Amino acid sequence: MDIKRLEELQAADERSLRFTPLGLGQMQPEDAADFQQRVIAGLRLADDVAETTRHKFEQLRAAHSHGVLCYELFTLVADVARLTLEQALRDRFVAHHGQVVEVRDRRKHEHQITMTSYSDFFEQYKKVRGAEIRMGASRVWEPFNAMLDGLLTWARREGMLRGQRNRSLEPVLRRLRNMVAHGTYHLTSPVEAARELSDLAEIINHLWGYATPEGRLYPAPLSRSIIAIGWSDNGEYTTAGYASQLAQEDELGRFTYVLVRAVFCPGGVTDPNLMEFDARSASTVFPAQYLWGPGPRAEAIAWLDDHQPEPDLCDYLDQVVLVRVNDGHVYLPMYPGVAAGLPRAEQDGTWYALRVDRGLDGLAHVRAIADASTRCRVAASRA
């Protein structure tokens, strides 16, 4: 190891200066230091997060801020963030159970473990050869190995981890953690380090019951506004906007409107599939609610004056949708309330109930099931 002078240790690492707000380029050391700190400045943990988890997270933020001086620190931040997830889960386990945990050994004998920390619980759990703990609202016995995968399963059973896309990421988190613990040398960029820190903050906050506004993994509920979707009588034009502006607009040509409650915020988060809205189907990215229509603008304005619908919030993780399969045709997903009102002629077939984060995810899933079933029947007929 080369011994460096203090001035050399304080010098900016040239590799860190390549990352700018606009992509790869070149920054001055002072600007790079300011930029890297601002990237993670908004990452904060909820006030009631366990102190041990909070201290570890603050260590990572401090290390990331010093990455301008030593590029390898970004790799350290990303790697330790993956290890810190297990620390957060352990702390949440202790906070959730308090001092006593009911466990069951391999012979189905029940024990009570009194713990002062997760390490204390882990040692006692091994001594009694624990195999199961109670999980979920029904408090049923579930296998539990007290390691990261067991903690992830426990957190999901307890509702502390949600989302179907996140469910598919949880095994990846375990493998990434194992790669850090048992892997080989690698180098990570500040972009990846910041993403790992951001994801870690979201997961930790959600473990303690807090969603993240505009989050990537555990977003806070989105605001739904009252929206007017219109189309011209000749079919050439479509439009969407706040319903409150209907009375203020000069209509070019004749339009027919429907009123919906949907995610719409020009310059902010807007449902990219809003113009695909179908009152019977879950065809939008975020849940949209049919209110009135179709009809002319004057009737839409009159309905708004009479009913004065209010905006609301929608949580789109783990939506429940129903998908119908009949005579080899897979229909668009629909929400249970819509399906309950279908005429009897449209109730035939096989129905699937699915939890999804996007309505159309259910369509892709059931199509895959139907295709697999068809291939199995074809293979059986050829056998």
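The values are calculated or read from the model by the stated rules, or taken from the named source; none is laboratory data. Keep in mind that what you see is a predicted model, and the values were worked out from it rather than measured. Note: ideal-geometry Cβ built from the backbone for every residue, glycine included; neighbour counts use all protein chains shown.
Worth a mention:
- Matching residues in segment 114-127 - criterion: being more than 31 Å from the chain's Cα centre (by Cα), within 24 Å of Asp48 (Cβ to Cβ) and not acidic (Asp, Glu): Thr114, Met115, Thr116
- Qualifying residue in segment 343-360 (condition: among the hydroxyl-bearing types (Ser, Thr, Tyr) and modelled with pLDDT of 95 or more): yes
- Of Thr256, Thr212, all but one fail to be of a type in the set (Val, Ile, Thr) and free of Cβ contacts under 8 Å to residues at least 24 places away in the same chain; the exception is Thr212.
- Output for segment 315-338, where each listed residue is crowded, with 16+ Cβ neighbours inside 10 Å and assigned to a loop (DSSP other than H, G, I, E, B): Tyr316, Leu317, Tyr331, Leu332, Pro333, Tyr335
- Of the criteria (1) touching a Phe, Trp or Tyr at 6+ places or on another chain (Cβ under 8 Å); (2) over 16 Å from Trp154 (Cα atoms), which one Arg92 fails: (2)
- Residues located in segment 339-355, provided they are assigned to a loop (DSSP other than H, G, I, E, B) and touching a residue at least 24 places away in the same chain (Cβ under 8 Å): Gly349
- Members of segment 339-368 that are surrounded by 16 or more Cβ atoms within 10 Å (Cβ to Cβ), within 27 Å of Leu161 (Cβ to Cβ) and among the hydrophobic types (A, V, I, L, M, F, W, C): Leu354, Val356, Leu360, Leu363, Val366
- Just one of (1) in contact with a strand residue (DSSP E or B) (Cβ under 6 Å, 6 or more places away or on another chain); (2) hydrophobic (A, V, I, L, M, F, W, C); (3) assigned by TED's automatic domain parsing to the domain that holds Ala240 fails for Val323. It is (3).
- Only residues that are over 21 Å from Asp315 (Cβ atoms) and not in a strand (DSSP E or B) were counted in segment 280-293, giving 1.
- Any hit, segment 84-97, residues being within 23 Å of the chain's Cα centre (by Cα), of a type in the set (Gly, Ala, Ser), crowded, with 20+ Cβ neighbours inside 10 Å and at negative phi: yes
- Set side by side, the residues Thr239, Thr188, Thr270 differ, and just one is more than 18 Å from the chain's Cα centre (by Cα), outside the structural domain of Thr75 (by TED's automatic domain parsing) and either surrounded by 14 or more Cβ atoms within 10 Å (Cβ to Cβ) or assigned to a helix (DSSP H, G or I) (or both), which is Thr239.
- Being closer than 30 Å to Arg82 by Cβ, buried (at least 20 other Cβ atoms within 10 Å of the Cβ) and in contact with a Phe, Trp or Tyr (Cβ under 8 Å, 6 or more places away or on another chain) is a description that does not apply to Ala211.
- Answer residue from segment 45-59, given it is crowded, with 16+ Cβ neighbours inside 10 Å and closer than 11 Å to Ala201 by Cα and is nearest to the chain's Cα centre (by Cα) among those: Leu45
- Residue count for segment 128-168 satisfying the condition of being within 14 Å of the chain's Cα centre (by Cα), surrounded by fewer than 16 Cβ atoms within 10 Å (Cβ to Cβ) and closer than 27 Å to Thr188 by Cβ: 3.
- Contact annotation: residue pairs with Cβ atoms under 7 Å, 6 or more positions apart or on different chains, pairing a residue in segment 294-311 that is assigned by TED's automatic domain parsing to the domain that holds Leu246 with a partner that is assigned to a loop (DSSP other than H, G, I, E, B) and surrounded by fewer than 16 Cβ atoms within 10 Å (Cβ to Cβ), are Arg297/Glu251.
- Checked against (1) out of contact with any helix residue (DSSP H, G or I) (no Cβ under 6 Å at 6 or more places or on another chain); (2) among the β-branched types (Val, Ile, Thr); (3) surrounded by 14 or more Cβ atoms within 10 Å (Cβ to Cβ), Ile3 passes all but condition (3).
- Taking segment 201-236 as the range and being among the aliphatic types (A, V, I, L, M) and over 12 Å from the mean Cα position of the chain (by Cα) as the test, the residues that pass are Ala201, Ile204, Leu207, Leu222, Ile226, Ile227, Ala228, Ile229.
- Condition check for Ala247: in contact with a Phe, Trp or Tyr (Cβ under 6 Å, 6 or more places away or on another chain), small (Gly, Ala, Ser) and surrounded by 11 or more Cβ atoms within 10 Å (Cβ to Cβ): no
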